[in-house]
Structures are given as structure tokens and as C-alpha cells.
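The structure appears right after this line, and notes come after that.
The values are calculated or read from the model by the stated rules, or taken from the named source; none is laboratory data. Quick caveat, the model's predicted, so the values are computed rather than measured. Cβ: placed from backbone, ideal geometry, glycine included. Neighbour counts: every protein chain shown.
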There are 2 protein chains.
Amino acid sequence: MATDLRPALGGRDAAETQRRLLDAAERLFAERGFMGTSIRAVTQAAGVSVSAANYHFGSKEALLAATYGRAIIPLNEARLARLTELERRAGDAALPLTDVLDAFLRPVFESPDDASFRGLAGRLFSDPPEIVAALKQEYFGEISERFVAALVRALPDRDEDEVKLAFQFVVGVMVHVIAGQVETNPTPPSSDVTETEELLAQMIRFAAAGLQA
Amino acid sequence: MATDLRPALGGRDAAETQRRLLDAAERLFAERGFMGTSIRAVTQAAGVSVSAANYHFGSKEALLAATYGRAIIPLNEARLARLTELERRAGDAALPLTDVLDAFLRPVFESPDDASFRGLAGRLFSDPPEIVAALKQEYFGEISERFVAALVRALPDRDEDEVKLAFQFVVGVMVHVIAGQVETNPTPPSSDVTETEELLAQMIRFAAAGLQA
DNA sequence: GTCTATAGTTGGATAGAC
DNA sequence: GTCTATCCAACTATAGAC
């Protein structure tokens, strides 16, 4: 069934090969970082040949860039859509602080099925700068500016430089969580979704209090 | 002058070679991570031969362990000394929250002259687990337990699991800052020391508010 | 204690057959 | 479009001279 028409010639479908490579790359780059991940490890996990990766993406760095593109563009679109909707509803009034934080954090935690792509976002802050600086600017620069501006609007009485600094603290919390460094103590009857929801609520509460302090 | 008696035979002093290696390793492991740093890069920066590193430390992983030992043991001693003094002064009363946070954070930011060793602590949370898990337990396990207990004592009305979680958020903020990911906007007449002091004060204020929320 | 030289792997990338 | 085979550079670690 489905649309799995194999090409008449040669091996697998090209799109399928690329998808498998990106899936494996996403997981491995997230878990082990760029320097800790070899092309061979990615291709082996994807079940394709080493040269397939170079054919489809050109280089290891280009594979990383493609991996970020696929994972983070939808995430950032979700963030900006939520923020835009908040701004529309608020009109000229101050933005509600916890809603702004929710718009920033929630898409990170509820997007895809598995957690691997979350760690990838964290690597923007720990992989060597010459590898990820451009990607960080591309995928986090605008987001950062938009949300800082929103937080300044949500906290009209606070000094702007202090809000900027506190936003970076919030990013630190987020990165730490998505890097898998936070152990939760789930209260016994707890599904994955309620656990995630609880963690998100705690992060927002922590961040909101810190921003208001 | 001084006690720089060169050994009668052979090249340089062994202790001096080790010091140079540890200095270079500290900086490079901090900046580029374990996988991103080659022994050759370390020995070249230290001005010694490749084999000197293996002779003195045995392997790349052992060099990393030695680097952590030299950098973090004094740091943790300072943290625990401050905490113990706080507990002594408080007697049976609740511990003052901001003082506990100060005891945890201040030694990280005022210890050595240069910033390289700070980043090393951050690598405990971003280098591949099979490399740093044991080091993280060794150099952060006890510290973490002691400070969580102190924070629980400082916040007797708060749920213990929530305090544990919030402590991990504080660690996230700290790691983000020591990893060099936070840009400060220093108000013009600002020396390094007042800038650091200001950053520390902001972190403590942010963390204290989040913990109390 | 330090060096040069080298062994033995593993890495990224490419050529050429199919 | 995919594969096998290969090149070449860089790596960790060690052997052996001094």
C-alpha cells in the first residue's frame, strides 16, 4: 500500500535514504555532539553506505546543517505562531508573562514523538563555536530577539538589561532540561504526558518568578 | 631565585611539564570538549612532546581526570567550607536562602585568574556520558546532595521534590553561564570584578525567586 | 624524563563499477 | 542512486634511543 514506489533503477528511494540519514544524524548528533559523532556511525545507524551521506549532503557539516533545518524550523514556526497570537490578543495591554514563557518553551517539549531532537537544540550551546555559531544565529537569533522583546513588554516595570539577562538564564534552564540533565521524580500515577506537562509547569513557574524578582 | 632546581639529567622538570600539560588541557577541554580536543593539540599548546602526555598521565582519559581533579577539588572544598560555616552559624534555625546559593555559586566565579576552568565544569553536562559520567558523580554527586539538603532546610514550607527540581534548574543556569553562553551588558564604568559581582547577584536573585515560587 | 619514530586505528571524503 | 574499494590525513598509544 501507500506511496512506496521504488525507483525502477538501482537501490532505495532517495528521499527515504535522506530521511533515514537525518533520523540517525538527529539522534547521534544530539546524544554525542558533532565531534563525538562520525559519519560512519550515522550511516551505520541509518543502514546506508558511507558514500550515500556524502552524496546526499556533501559533507559532515552540511549533514549537520540539514539536520538542524529539518528539526528546528517547524519548532520555531510554532513558537512564533504562538507569540504572534498572544500579541494579537493582548492588543496594547502588557503581555501575560507565563503565556510568553509557555509559547517559548512548550513547542520544544511537545513537538515530536521522540526526545532526540530536543538534545540537538541544546548542542547549539555546547558544540564547538566554529561548527555551530552560524547555525545558532540562524535558528536562535530571531527567536531570541522576538521573545526578549515580548518579555520586556510583559514586564514594563523592570529594567530592560535585567530582563535580557534573565531571559538568558531561562535559556540555560531550558538547555539543561533538553540536554537530558534533569532527573524528575514523578509522583506515582504519572504518564509521560502528565510528567512532561508537570515539568513544563515547574519550569514556567521558576522562570516567571525569576524574571519578576 | 626560588626553588627552580632543574634536575641534573635530561630535559625539563617533571612537575613543570605536568603543570604545563594540565594548564593546556584545562583550557582546551573546556573550550572544545573531550572529543574535540586531541592529545596533539594539548601537547602542542603546552610545548611538550606527544609522548610526554602519555608518560605522565597514561592516556587521554586519564589526562582529563587529572585535569578535573586539579581544577575542581579546591572549588568543591571552598563550597563545602562556606556551607558548613553557614550551618554552624544558623544553629537550628532555617538557613538563609541567598547565602546558600552564594556558597554554591560564588566559588565557581571567583576562583582562578582565568575563565578556562569554569568551562570545564560545564563539560560535565555536555561531553559524552561514557567519558564524564564517573567524573560527574565524583565531583558533583556529594556537592549536589549537600546543597539540596541545605536548600530544603532553607525552604521548610516547600515540597522537597520541587526543591530538588528547582535546584537542577539553578544548576542549568550556572552551567550556561560558565559555558560562556551568557552575554552581559555591563553598565559603562565597570571593572571585571564588579561585572562578575553583578552577574553573581543577578543569578542569586533569579534563583532565589524561582526556588521560592 | 624526554625525545623521535612508528605502529595500528579510525576519520572524512572520493572514484568508479553497477 | 547506491554500492565497494580506496586514498590520505589525523588520531592514540607505544617502543626505544638518549
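Some notes on this structure:
- Residue list for region A:91-104, restricted to those being outside any loop (DSSP other than H, G, I, E, B) and in contact (Cβ under 8 Å) with a residue 60 or more places away in the chain: A:L97, A:T98, A:L101, A:D102, A:F104
- Residue match in region B:58-76 (condition: within 16 Å of DNA strand D (Cβ to nearest atom), among the β-branched types (V, I, T) and modelled with pLDDT of 95 or more): yes
- Meets criteria (of a type in the set (D, E) and under 11 Å from the mean Cα position of the chain (by Cα)) for B:E110: yes
- Top-ranked residue in region A:16-57 [being without any contact (Cβ under 8 Å) to a residue 12 or more places away in the chain and surrounded by 18 or more Cβ atoms within 10 Å (Cβ to Cβ); ranked as nearest to DNA strand D (Cβ to nearest atom)]: A:G36
- Among the residues listed as B:R205, B:R153, B:R106, B:R146, the single one being within 11 Å of chain A (Cβ to nearest Cβ), surrounded by fewer than 21 Cβ atoms within 10 Å (Cβ to Cβ) and of a type in the set (K, R): B:R205
- Filter result for B:F169 (more than 7 Å from chain A (Cβ to nearest Cβ) and surrounded by 16 or more Cβ atoms within 10 Å (Cβ to Cβ)): no
- Tally, over region B:185-200, of residues that are closer than 29 Å to B:K164 by Cβ and either touching a residue at least 12 places away in the same chain (Cβ under 8 Å) or within 11 Å of chain A (Cβ to nearest Cβ) (or both): 4
- Given (1) over 18 Å from the mean Cα position of the chain (by Cα); (2) modelled with pLDDT of 95 or more, index of the condition B:S190 fails: (2)
- Of all residues assigned to region B:115-122, at least one qualifies as being assigned to a helix (DSSP H, G or I), away from chain A (no Cβ under 14 Å) and of a type in the set (G, A, S).
- Options A:D13, A:D102, A:D114: the member that is among the acidic types (D, E) and within 15 Å of DNA strand D (Cβ to nearest atom): A:D13
- Qualifying residue in region B:53-65 (condition: outside any helix (DSSP H, G or I) and out of contact with any Leu (no Cβ under 7 Å at 6 or more places or on another chain)): yes
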